[in-house]
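**Student:** Sharing a structure with you now.
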Amino acid sequence: MVVIETWVSRFMLGMISFYRRWISPMIGPRCRFIPTCSAYGLEAIERHGPWHGGWLTLRRLLRCHPFTPCGCDPVPD
């Protein structure tokens, strides 16, 4: 189980890193929060693992729209 979690974490972190390196510079800043959604995702997955960290990241992405107030939204402990 630990091996699967490690590979899933690496895949998810790799996808976020790919987005930050190649896609984000082309579309410009879009996130309404501090830290950015991609930084939040990296931290959430590193701190909480792929399942819970992925869930936190998904919830954060769903909140990142024009009708949500912007501001500081750190990864919970």
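**Student:** What ranking, highest mean first, results for peptides 25-32, 40-47, 5-12 when packing means the other Cβ atoms within 10 Å averaged over each residue?
**Tutor:** Working: 25-32: 10.0, 40-47: 19.9, 5-12: 13.8.
The most tightly packed comes first, giving 40-47, 5-12, 25-32.
**Student:** Here's another thing I want to ask about it. For the chain, find the longest principal axis of its Cα atoms and tell me its angle to the long axis of helix 2-18, 0 to 90°, nearest 10.
**Tutor:** That helix lies at roughly 30 degrees to the long axis.
**Student:** Another one. Nearest 10 degrees is fine. How inclined is helix 37-63 to the longest principal axis of the chain, computing both from alpha carbons?
**Tutor:** Relative to the chain, helix 37-63 is tipped by roughly 30 degrees.
Here, each number is a calculation from the coordinates, and none is a lab measurement. Because the structure is predicted, anything quoted here is derived from the model rather than measured. FYI the Cβ positions are ideal-geometry reconstructions off the backbone, even for glycines, and counts take in every protein chain you see.
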